[in-house]
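No lab work stands behind these numbers, since they all come straight from the coordinates. Bear in mind that the values here come from a model prediction, so they are computed numbers and not experimental data. Methodologically, a virtual Cβ is constructed for each residue, glycine included, from the backbone with ideal geometry; neighbour enumeration extends over all protein chains shown.
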Amino acid sequence: MGKKIFSGVQPTGNLHLGNYLGAIKNFVTLNNDTENECIFCVVDLHAITVKQDSKELRNNIRETVATFIASGINPKKSIIFNQSQVSAHAEGAWILSCVARMGWLNRMTQFKEKAGKDKEKASIGLYSYPVLMASDILLYDATHVPVGDDQKQHLELCRDIAQKFNNDFEVDNFLQVPEPLIQKEFSRIMSLKDGSKKMSKSELSDLSRINLTDSKDQIINKIKKAKTDPMPMPNGLQELDERPEAKNLLGIYASLTNTTLEKSIENFYGKNFSEFKESLSEILVNKIEPISIEIKKLLADQKYLDQILLEGVEKANLIASKKIQKIKEIVGF
């Protein structure tokens, strides 16, 4: 039996290899399974938890849609839309925030990390956004949600909110309690300049990441300059714990070739890094260059991207508006 899948991506612009291997590649696999029903949301409401430039945000929304399609998500099979255009998301977030408990939100480690030392200056939205995420998921009766390590805790909160709503209003299974979909054999993608830091668009050096809009030459150059250590290629998993840069590059290779880290180590044991980097560059170019070319082509046709969003919003609205109407009736509105 097919799964009903919901997932959201923030329109931060300049999506990179970490976003592709951590989420988008998996979305494509889920989209290609004919039994699955997939809803992919550009979560622009989440994006404004920190201040955005309005023109840039509009461009980033389109770029995220272009990246989805260029990577292989079929907008005819899956729903692609932006969250702000379906009012049920914000309405649901308010109702569910009256069900969620302060103690639950206080345990969210991601807020502590993002707000840093000066929590007083963080927006309320940054604090309460896991409740909006719960609304996103629960409005569509999603059975499964693809999550990375950083979102597992938020999905647990979503499950708690669904169960509390069902219990409080004595409506068994009205809000579907979703299951997490964790990628098997996936390595977290780290910076090419520092294997202890996550690959991020906020890192100053562009050499720290492979952007999904990079050209063939840029990809080859970045892998050539990627940090390694003076030792030869490792001979086992244990050795990798002390060698974060080697672990990261091997993890990228394993994710792109759909093999295990052990198998990747086996393939290159005893060889030098330059030989391995050549193989990695070739695989990256084969995978990323066609996506990069297609993104640029799609971005040149804004009307087409806006049409995809418009059609997606209409489909999403049909589902979400019915669910929010029932939620309001249950609450007593």
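Pull out the extension gain between Ile124 and Ser279, defined as 0.36 nm times the separation in residues minus the alpha carbon to alpha carbon distance; nm, one decimal. Please report the intermediate quantities before stating the final value.
Working: separation 155, 0.36 × 155 = 55.80 nm, distance 4.66 nm.
Separation in residues times 0.36 nm, less the Cα-Cα distance, equals 51.1 nm.
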What aspartates and glutamates could a cross-link reach from Lys4, if we take a straight Cα to Cα line under 15 Å and drop same-chain neighbours fewer than 8 places away? Asp33, Glu35, Glu37, Asp136, Asp141, Glu179
Relative counts (whole %) of C-alpha pair distances in the stretch 68-111, using bins that are 10 Å wide: 21, 27, 30, 21, 1
Any idea what angle helix 216-225 forms with the longest principal axis of the chain, computed on alpha-carbon atoms, 0 to 90 degrees, nearest 10? 70 degrees
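With each run of n ≥ 4 DSSP H residues scored as -39500 (n - 2.57), what mean residue ellipticity at 222 nm is computed for the chain after dividing by its residue count and rounding to the nearest 500 deg cm²/dmol? Intermediate results must be reported in sequence, preceding the final value.
Values: 14 runs with 177 residues, N = 333.
Helix-only estimate at 222 nm: -16500 deg cm²/dmol.
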The chain: angle of helix 273-299 to the longest principal axis, Cα-based, in degrees nearest 10: 40 degrees
For Thr64, Thr143, Thr34, what ranking results if the residue with the fewest other Cβ atoms within 10 Å of its Cβ goes first? Thr34, Thr143, Thr64
Any idea how far the Cα center of the stretch 293-333 sits from the one of the stretch 13-77, in Å? 13 Å
Cα to Cα, under 17 Å, and not fewer than 8 places away if on the same chain: which aspartates and glutamates meet these conditions relative to Lys121? Glu113
Non-local residues with an amide H under 5 Å from the amide H of Lys197, with H modelled 1.01 Å from N and Pro and chain starts lacking one, are Ser191
Hey, could you get me the Stokes-Einstein D for the chain, Kirkwood radius over alpha-carbon pairs, 4 °C and 1.567 mPa s, rounded to whole µm² s⁻¹? 61 µm²/s
Rounding to the nearest 10 and keeping the result within 0 to 90°, find how far the Cα-based axis of helix 152-168 lies from the longest principal axis of the chain. 10 degrees
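Can you divide the C-alpha Rg of the stretch 206-297 by 2.2 N^0.38 Å and report the result to two decimal places? Don't skip to the answer; put the middle values down first.
Details: Rg = 13.4 Å, N = 92, 2.2 N^0.38 = 12.3 Å.
Cα Rg divided by the expected 2.2 N^0.38 Å: 1.09.
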